[in-house]
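The values are calculated or read from the model by the stated rules, or taken from the named source; none is laboratory data. Every value quoted in this text rests on a predicted model; they were computed, and no experiment measured them. All Cβ positions, glycine included, derive from the backbone under ideal geometry; neighbour counts span all protein chains shown.
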Number of protein chains: 2
Amino acid sequence: MKIEVLKENLKNGLNIVEKIVGKNLSLPILDNVLIYTEDNFLGMSSTNLETAIKIWTLAKITKKGKVVVPAKFLSSFVSSLPNEKILLEEKNNNKLYIECKSYKNEIQGFNSEDFPLIPDFKDAEFIEIDNKKLCQGLEQVVDIASLSQSRPEISGIYFSFIKNALKIVATDSFRLAEKKILMDKSVERNISFILPQKPAKEVLNILQDKEGITKIYILPNQVMFEFSMKDFSHPQVQIISRLIEGEYPNYEEIIPTKFKTQIILKRDEFLNQIKTASLFSGKLSEIKITAKNKEVEVFAQDSEIGQSQSSISSKTEGEEIEISFNYKFLIDGLLKIKSSEVLFQISREEGACILKPVGDTGYLYVVMPIKSA
Amino acid sequence: MKIEVLKENLKNGLNIVEKIVGKNLSLPILDNVLIYTEDNFLGMSSTNLETAIKIWTLAKITKKGKVVVPAKFLSSFVSSLPNEKILLEEKNNNKLYIECKSYKNEIQGFNSEDFPLIPDFKDAEFIEIDNKKLCQGLEQVVDIASLSQSRPEISGIYFSFIKNALKIVATDSFRLAEKKILMDKSVERNISFILPQKPAKEVLNILQDKEGITKIYILPNQVMFEFSMKDFSHPQVQIISRLIEGEYPNYEEIIPTKFKTQIILKRDEFLNQIKTASLFSGKLSEIKITAKNKEVEVFAQDSEIGQSQSSISSKTEGEEIEISFNYKFLIDGLLKIKSSEVLFQISREEGACILKPVGDTGYLYVVMPIKSA
């Protein structure tokens with residue numbers, strides 16, 4: 001292998017593939033990146049056996065080939081080089097020679113035959129979606145998945161394609177977030193899967209803010225997110241993950257549809273008041289919300305710390321009500337709402353409540369109150 | 001106590017006094033800040049018994065008094081409030097009532113009589129120095145002090161006032177940094193002290209970039225740095241620390257004065273080449289510098305990682321020489337040098353070397369090479 005590539009392009013690619021590389025004591029080959037030639041591209045791949053990433057960048061290929069070298073080491077090393085053209089050349093004994101201006105370096109690598117094969121999705125069906133819409137939706141949902149592995153199906157993110165809509169859902173049984181995205185084309189048949197949270201976060205990390213199209217390839221146990229820039233035939237990134245087996249709970253049942261009280265509030269002010277009150281909420285993380293006729297009161301108290309009270313003007317419909325929440329769940333929901341006003345729907349003192357952005361019907365955040373002792 | 005103060009002023013003061021507050025299980029009163037009235041100022045004090053900080057801000061005093069409340073809690077709480085006027089009022093049972101717009105809060109505090117007394121420097125002699133010069137000098141020296149407590153005198157920063165010069169010195173026995181600052185007035189008698197590294201870093205953190213005068217008050221076992229803004233009669237901050245007992249080593253003896261080789265190099269390029277080579281330096285952290293006629297070569301090698309070689313053009317005077325260093329010590333020194341060119345003076349293969357900024361005679365960094373096996 002002998003190639004020339006710009007430092008920036010190599011660095012950007014390595015920064016991405018190294019994300020899923022850890023310190024793997026039982027299978028040290030996984031600490032490495034596979035660097036290879038493909039047409040007029042330099043390809044970089046990494047895998048931790050649960051997730052794999054492939055990325056391509058334009059390069060001048062003088063001689064085809066592939067090498068396997070430590071991913072994090074190569075990434076820090078390339079970052080330290082001047083912003084110029086870099087020559088990469090395969091040498092004897094799995095060594096990679098790297099030259100850049102006055103720098104001449106040799107990195108000890110491994111046999112490329114030992115690098116694990118990354119699954120092939122050639123004949124899989126796929127669905128196309130605008131990448132920015134996908135990432136914006138994922139961002140509003142991904143953090144909410146359960147951290148516990150006792151119910152593996154809710155530890156992942158649920159993707160459900162029905163006709164021309166994709167619903168992305170996550171819950172940890174205390175709260176639930178659902179984002180509905182409309183697509184340009186309808187799917188041929190309804191399809192759904194549960195993606196583990198970690199690769200879902202990688203998709204977001206890697207693809208966020210990129211303009212283009214993401215194709216989602218689906219196999220029975222695996223999924224691939226393939227991003228291509230507009231008007232570019234070769235994909236730029238592929239993120240491949242195993243799926244979580246099992247049925248996602250029928251979450252739509254728990255979303256309340258009748259409400260005792262509905263309030264419209266300024267989102268930022270409500271968020272700030274909850275943050276201030278949270279400091280006084282003590283070990284139970286409990287804050288009390290009182291919806292009055294034209295204002296909402298936020299209150300928290302702890303005998304060792306003191307107490308906090310504040311109020312915010314509101315448009316209230318329905319009954320006056322007093323209801324307690326874990327402040328973290330309210331803050332998480334409000335942070336995912338981007339509109340200036342938020343609609344807060346309360347079904348009853350002990351039932352699920354809903355937070356929604358005013359003016360956006362695609363998102364909802366369901367949160368359970370704290371039951372009064 | 002009843003006072004009104006702007007949120008920004010209160011927040012800025014608390015951000016500073018909370019720096020030295022930890023979680024003190026044996027003496028929990030030290031987790032608090034003392035808030036008190038003094039003329040038309042609000043004063044804030046904290047102490048960890050080794051270091052104390054006092055800070056003042058303008059306030060509208062309606063009723064004199066003092067309160068003691070948890071420092072870190074009050075600081076996060078005040079940060080969360082709107083950017084407006086804040087009312088602070090002492091209530092029964094050591095409670096502090098705080099009101100800001102729609103926020104009404106009560107914080108449980110402690111008996112202010114239990115707060116430790118902070119030493120008084122009324123009759124101590126003092127030396128005046130331009131605050132920016134003091135901080136710039138301290139910044140070039142403070143990190144170099146020894147982290148080991150086996151020789152307490154070199155774990156601190158040495159301040160030595162002789163005539164119209166202040167020398168600030170630190171060493172860990174592998175390298176040494178000295179900064180000489182010229183003052184407007186000569187001291188009446190030569191005086192020196194050893195300040196522990198932590199409060200020296202606090203002085204830097206708190207006073208860096210502030211325009212004004214710092215008075216250094218010296219008592220046999222304690223020192224106070226008192227900063228005042230220009231044309232302002234009341235001091236803004238006081239930082240008080242105990243001193244380290246013992247004699248500082250006669251460090252001037254080890255600074256070489258005769259050199260086999262002297263090199264002038266571009267500082268940034270040299271620093272980058274050392275950083276790149278450092279990745280290949282392995283467990284010994286060793287890199288080899290070869291000074292040739294018109295260039296300097298930087299080399300590192302490790303059998304498991306690979307090898308790195310680069311070169312930089314130089315003005316060399318004296319003999320060609322090959323000499324090895326711990327890369328960390330070179331990087332630390334180069335980072336403290338702000339000029340675009342650096343003078344590198346090598347006495348002999350195994351003797352102390354010097355790094356100096358070209359065009360600034362006030363600073364020098366002495367570094368020991370690695371002895372060849």
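The set of residues in segment A:154-169 that are surrounded by fewer than 16 Cβ atoms within 10 Å (Cβ to Cβ) and of a type in the set (D, E, K, R) contains only A:K163. From the list B:L10, B:L30, B:L34, the one residue that fits, being touching a residue at least 60 places away in the same chain (Cβ under 8 Å), under 20 Å from B:E99 (Cα atoms) and outside any strand (DSSP E or B), is B:L10. Taking the criterion of being surrounded by 17 or more Cβ atoms within 10 Å (Cβ to Cβ) and free of Cβ contacts under 8 Å to residues at least 24 places away in the same chain, the only residue of segment B:227-265 that qualifies is B:S228. Evaluate the following for B:D360: is it in contact (Cβ under 8 Å) with a residue 60 or more places away in the chain and of a type in the set (D, E, K, R)? Taking the combined requirement at face value, the residue does not satisfy it. Is it true that A:S45 is touching a residue at least 24 places away in the same chain (Cβ under 8 Å), buried (at least 16 other Cβ atoms within 10 Å of the Cβ), among the small types (G, A, S) and in a helix (DSSP H, G or I)? So A:S45 does not fit the description; no. For segment B:339-346, state whether one or more residues are outside the structural domain of B:F174 (by TED's automatic domain parsing) and free of Cβ contacts under 8 Å to residues at least 60 places away in the same chain. Looking through segment B:339-346, none of the residues is outside the structural domain of B:F174 (by TED's automatic domain parsing) and free of Cβ contacts under 8 Å to residues at least 60 places away in the same chain. The single condition among (1) of a type in the set (S, T, N, Q); (2) within 19 Å of B:S46 (Cβ to Cβ); (3) within 14 Å of chain A (Cβ to nearest Cβ) that B:Q222 does not satisfy is (3). Quick check on B:K54: is it within 30 Å of B:S241 (Cβ to Cβ), within 11 Å of chain A (Cβ to nearest Cβ), within 31 Å of the chain's Cα centre (by Cα) and charged (D, E, K, R)? Judged against the criteria, B:K54 is not a match. Against the list (1) in a loop (DSSP other than H, G, I, E, B); (2) touching a helix residue (DSSP H, G or I) at 6+ places or on another chain (Cβ under 6 Å); (3) among the charged types (D, E, K, R), the condition A:E245 fails is (2).
Of the strands (runs of 3 or more DSSP E) that lie entirely inside segment B:92-139, those containing 3 or more residues that are within 14 Å of chain A (Cβ to nearest Cβ), in contact with a strand residue (DSSP E or B) (Cβ under 9 Å, 6 or more places away or on another chain) and surrounded by 16 or more Cβ atoms within 10 Å (Cβ to Cβ) span B:95-100, B:103-108.
List, please: which pairs have Cβ atoms under 6 Å, are six or more places apart or on different chains, and start with a residue in segment B:157-185 that is free of Cβ contacts under 8 Å to residues at least 24 places away in the same chain and end with one that is hydrophobic (A, V, I, L, M, F, W, C) and part of a loop (DSSP other than H, G, I, E, B)? Note: pairs meeting the criteria are B:N164/B:M183. Is it true that some residue in segment B:67-74 is charged (D, E, K, R), more than 14 Å from chain A (Cβ to nearest Cβ), outside any loop (DSSP other than H, G, I, E, B) and touching a helix residue (DSSP H, G or I) at 6+ places or on another chain (Cβ under 8 Å)? Checked against the condition, which is being charged (D, E, K, R), more than 14 Å from chain A (Cβ to nearest Cβ), outside any loop (DSSP other than H, G, I, E, B) and touching a helix residue (DSSP H, G or I) at 6+ places or on another chain (Cβ under 8 Å), segment B:67-74 yields no hits at all.
The numbered conditions (1) in contact with a Pro (Cβ under 9 Å, 6 or more places away or on another chain); (2) within 13 Å of chain B (Cβ to nearest Cβ) are all true for A:I86 except (1).
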